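The values are calculated or read from the model by the stated rules, or taken from the named source; none is laboratory data. Since this is a predicted model, take the numbers as computed values, not measurements. When we count neighbours, we look across all protein chains shown, and the Cβ atoms used for this are built from the backbone with ideal geometry, even at glycine. To get the accessible areas, we keep the full protein, side chains included, count just its heavy atoms, and leave off ligands, DNA and RNA. Shrake-Rupley method; radii C 1.70, N 1.55, O 1.52, S 1.80 Å.
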Amino acid sequence: MNLGKYSFGIGDRFAKQGKAQLAALIKAKQQGIEITPVWNKSHREHTIIGTEPEDTRKEADEAVTACGWNGPYFVDADHIGLKNVDLFIDSSDFFTLDVADYIGKTAPESDIDRFVKKHDKYIGSLKMAGIEQPIKIEREKAKAIAAKFLYAARQAGEIYRHIEAVRGAGNFITEVSMDETDEPQTPVEMFFILAAIADEGIPADTVAPKFTGRFNKGVDYVGDITKFAKEFEEDLAVVAFAAREFGLPKDLKLSIHSGSDKFSIYKPINKALKKFDAGLHLKTAGTTWLEELIGLAMAGGDGLTIAKEIYAKSLSRIDELCQPYATVIDIDRNSLPTAADVTKWDGQKFASTLRHDQSCKDYNRNFRQLLHVAYKIPAEMGGRFLDALEKHEDIIAPNVTENIYNRHIIPIFMMT
Ligand SMILES: [Zn+2]
């Protein structure tokens with residue numbers, strides 16, 4: 001199983017845009033950039049929508065057949081733990097082991113000491129290719145990192161071994177994710193996290209840390225871009241170094257969650273990937289449904305009516321919808337239009353308020369974030385919503401393809 005150097009998480013809330021998503025990757029391939037599609041959908045998303053992991057498999061297989069895609073592709077059981085992994089084990093061949101909730105739970109003192117002793121030779125300063133300043137590692141720091149992350153890495157080991165026992169070693173891709181937490185992980189922390197992952201015998205293909213700054217759902221990066229760029233380069237150096245040092249898969253790469261729409265950091269990411277000749281996995285799944293909504297609004301008539309209804313309901317159930325995403329959204333409620341305002345809008349106004357074009361005066365990042373997490377509302381509409389997606393496919397599909405290709409693939413991988 002080889003994920004390839006570049007891969008994209010393109011999971012799709014309603015399993016309708018597989019072909020339109022894949023069309024973006026086909027366009028990239030025609031330009032010489034190979035990106036492996038990965039349809040990811042989390043337990044949380046399945047539960048909210050009322051779909052099963054098999055539905056994601058079906059969508060992926062159908063899109064691949066319909067488009068004649070002959071490269072590798074995967075179905076990612078996104079953000080799973082021991083409690084729900086079994087639901088995904090037959091239909092997935094990519095597993096994102098989410099152990100963020102175990103960060104800070106401390107392993108026994110003697111285990112922490114043993115871990116630090118085992119990795120004793122890295123105490124001092126670590127010189128890595130591509131990084132000017134050696135990274136300083138003090139013994140106390142190493143111990144504190146072990147106290148914070150060793151237990152979580154062990155939890156990842158348990159989930160990994162559970163999957164391996166069923167699917168067999170080498171038959172699936174493994175990601176370890178720690179992104180859904182409050183504090184970002186530093187490159188030094190990443191280094192020891194990777195040591196602990198290797199100690200657990202997890203052949204991790206990708207690792208998803210929490211990076212510095214805010215990665216809010218569906219909107220641009222918020223934070224210090226220079227600091228991000230420096231840390232991202234250090235992370236790439238750490239990943240390459242740790243893969244060799246600890247015998248992790250040589251293609252080990254970073255995975256960026258909530259990676260869609262982080263336009264202001266795509267340039268430094270692009271530059272760093274080139275500098276380190278590094279691969280990347282980027283999850284962009286959640287925004288495809290916003291393109292569906294934009295398409296419905298643009299269609300006018302019944303499509304626009306549905307779009308407005310979804311917004312009105314989202315607003316009235318804002319607490320419920322935002323609660324599962326509290327760590328990954330920042331909505332200024334005072335800047336949201338009222339439902340009454342939106343009733344008066346035409347399709348163009350709705351679409352331009354939602355579409356992520358920061359040069360457009362209508363664009364509203366709060367409106368966009370709320371709708372990003374509001375997919376429960378159309379899920380409850382059921383057939384009425386799904387039928388509208390099919391009816392207006394000619395408007396929606398090009399939006400989906402263009403969003404992935406023009407706004408993501410080009411700046412991240414193709415700009416020179
Ligand atoms: Zn995530």
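Using a probe radius of 1.4 Å on heavy atoms only, what accessible surface per residue do you get for the chain? Whole Å² is fine.
On a per-residue basis, the chain sits at 40 Å².
Quick one: the Cα spread of segment 260-336 along its three principal axes, in angstroms, biggest first?
The principal-axis extents, from largest down, are 48, 30, 20 Å.
Check V222: other-chain or 5+ apart residues with amide H under 5 Å from its amide H, H built from backbone geometry?
Excluding prolines and chain starts, which carry no amide H, the hits are R214, N216.
Relative to the longest principal axis of the chain, what angle (0 to 90°, nearest 10) does the C-alpha long axis of helix 18-30 take?
With both axes taken from Cα atoms, the answer is about 60 degrees.
In debye, nearest 20: dipole of segment 339-416 around its Cα centre with unit charges on the Cβ of K, R (+) and D, E (-)?
320 debye
Calculate what fraction, in whole %, of the accessible area of segment 169-250 sits on carbon and sulfur atoms when a 1.4 Å probe is rolled over the protein chains.
Reported share for carbon and sulfur atoms: 50 percent.
Rounded to two decimals, what is Rg over Rh for the chain when you use alpha-carbon atoms and the Kirkwood radius?
Result: Rg/Rh = 0.97.
For the Cα atoms of the chain, what angle does the longest principal axis make with the long axis of helix 139-167, in degrees from 0 to 90, nearest 10?
60 degrees
Go through segment 38-107 and name the trypsin sites (Lys or Arg not before Pro) that are in a DSSP coil and have 16 or fewer other Cβ atoms within 10 Å of their Cβ.
Here the trypsin sites (Lys or Arg not before Pro) that fit, given the DSSP loop and packing criteria, are K83, K105.
Could you tell me what a quarter of the Cα convex hull surface of segment 164-322 works out to, in nm² with one decimal place?
The number I arrive at for segment 164-322 is 12.2 nm².
Rounded to a whole number, what % of the accessible area of segment 316-416 do carbon and sulfur atoms account for, probe 1.4 Å?
So the carbon and sulfur contribution to the accessible surface is 50 percent.
Considering only protein heavy atoms, with the full assembly of protein chains and a 1.4 angstrom probe, order F14, F350 by accessible area, largest first.
Heavy-atom accessible area, descending, gives F14, F350.
So what are the ³J(HN,Hα) numbers for segment 49-58, from phi and the Karplus equation (6.51, -1.76, 1.60; θ = phi - 60°), rounded to whole Hz, Gly and Pro as x?
Karplus-based 3J(HN,Hα) across segment 49-58 equals 8, x, 9, 10, x, 4, 5, 5, 4, 5 Hz.
Tell me, what ³J(HN,Hα) does each residue in segment 233-250 have, in order and in whole Hz, if you take phi through Karplus 6.51 cos²θ - 1.76 cosθ + 1.60 with θ = phi - 60° and put x for Gly and Pro?
Ordered by residue, 3J(HN,Hα) equals 4, 5, 4, 4, 5, 4, 4, 5, 5, 5, 4, 5, 4, 9, x, 7, x, 5 Hz.
Could you list which residues have their amide H under 5 Å from that of F8, counting only those 5 or more apart in sequence or on another chain, with H placed in the peptide plane?
Correct list: T36, V38, L282.
Would you mind telling me the share, in percent, of accessible area of segment 22-166 contributed by carbon and sulfur at probe 1.4 angstrom?
Summing carbon and sulfur atoms, their accessible area is 49 percent of the total for segment 22-166.
What accessible surface, in Å², does a 1.4 Å probe find on K127, ignoring ligands, DNA and RNA and rounding to the nearest 10?
Probe radius 1.4 Å; accessible area of K127 about 130 Å².
Filter K27/K274; K136/K230; K5/K271; K27/K217; K148/K250; K148/K253 down to the pairs with a C-alpha to C-alpha distance above 18 Å, please.
K27/K274; K27/K217; K148/K250; K148/K253
Taking segment 158-210, how much of its Cα-Cα pair set, in percent, is spaced more than 19 angstrom apart?
Every Cα pair in segment 158-210 considered, those over 19 Å come to 30 percent.
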